[in-house]
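The values are calculated or read from the model by the stated rules, or taken from the named source; none is laboratory data. Everything quoted here is computed from the prediction, not taken from an experiment. Backbone-built Cβ (ideal geometry, glycine too); neighbour counts: all protein chains shown.
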C-alpha cells in the first residue's frame, strides 16, 4: 500500500533541524528537532542536541519509542538502568559512536566536553517523554516516607527546588559547582 503522504502534491522530503527549538537552557545548551509535525513523510524523528561540559539531559524514559544516541562532536556519557538485571550501564561515547536506549528504560546523558553535539533518534515520529523531575516533584512526600522510609519533611525539602520540568540540568542558578563535578560511571 502506498503511503498517502507520499502522494500529496505538496510533498516535502526535506526539513531544517535547526528551525524548531524544542528547549533552550541557555545559548550554548539547547535542543532542536525534526519530527512528523515538521516532516510528515518521516517515520522516525530526532532531537538535535547541543551541550557544554557537565550539562545533563535529565533522567527520563520513553513510553513509546526506542532511542539511538549518535555523537557528532565532543564526548558524552550515556547511562541506562537495565530493569531486568537491576544494574546501571554507562557508556563513554565519542564522535561516530552510538548507544541504544530501549523503550521504557530510565536513562540520562551527560556532556563530558564543551561543544558536545549529538542526535537522539527515535523509531517513531513523536516520542512520549516522562521526566524524572516531574516524577520527583509530584510524588507526595508522605508516599516517599511510606514507600522508602525517607522522612516526609526531608523529601519535601530535597525536591523543593524542582519547580518545573528540568530537561537540561542543572537548573540555571545552580551553576558551575554542580555541572563541573565529575560523574562516576558505575555499572
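Okay, residues lined up against (1) at pLDDT 95 or above; (2) surrounded by fewer than 22 Cβ atoms within 10 Å (Cβ to Cβ); (3) assigned to a loop (DSSP other than H, G, I, E, B):
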residue	(1), (2), (3)
57	yes, no, no
68	yes, yes, no
78	yes, no, no
85	yes, yes, yes
88	yes, yes, no
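Residues that are within 11 Å of the chain's Cα centre (by Cα) and in a strand (DSSP E or B) within region 122-131 comprise 130, 131, listed in sequence order. Within region 152-170, the only residue that satisfies the criterion of being more than 30 Å from residue 69 (Cβ to Cβ), in contact with a helix residue (DSSP H, G or I) (Cβ under 8 Å, 6 or more places away or on another chain) and loosely packed, with under 13 Cβ neighbours inside 10 Å is 153.
Just to be sure, is residue 107 closer than 26 Å to residue 26 by Cα, within 17 Å of the chain's Cα centre (by Cα) and surrounded by 17 or more Cβ atoms within 10 Å (Cβ to Cβ)? Even if it seems obvious, please write down each step before you answer.
Details: closer than 26 Å to residue 26 by Cα: yes; within 17 Å of the chain's Cα centre (by Cα): yes; surrounded by 17 or more Cβ atoms within 10 Å (Cβ to Cβ): yes.
Judged against the criteria, residue 107 is a match.
Is it fair to say residue 140 is in contact with a helix residue (DSSP H, G or I) (Cβ under 9 Å, 6 or more places away or on another chain) and more than 29 Å from residue 39 (Cα to Cα)? Yes; evaluated as a whole, the condition is true for this residue. Residue 103 passes every criterion in (1) closer than 23 Å to residue 130 by Cβ; (2) in contact with a strand residue (DSSP E or B) (Cβ under 7 Å, 6 or more places away or on another chain) apart from (2).
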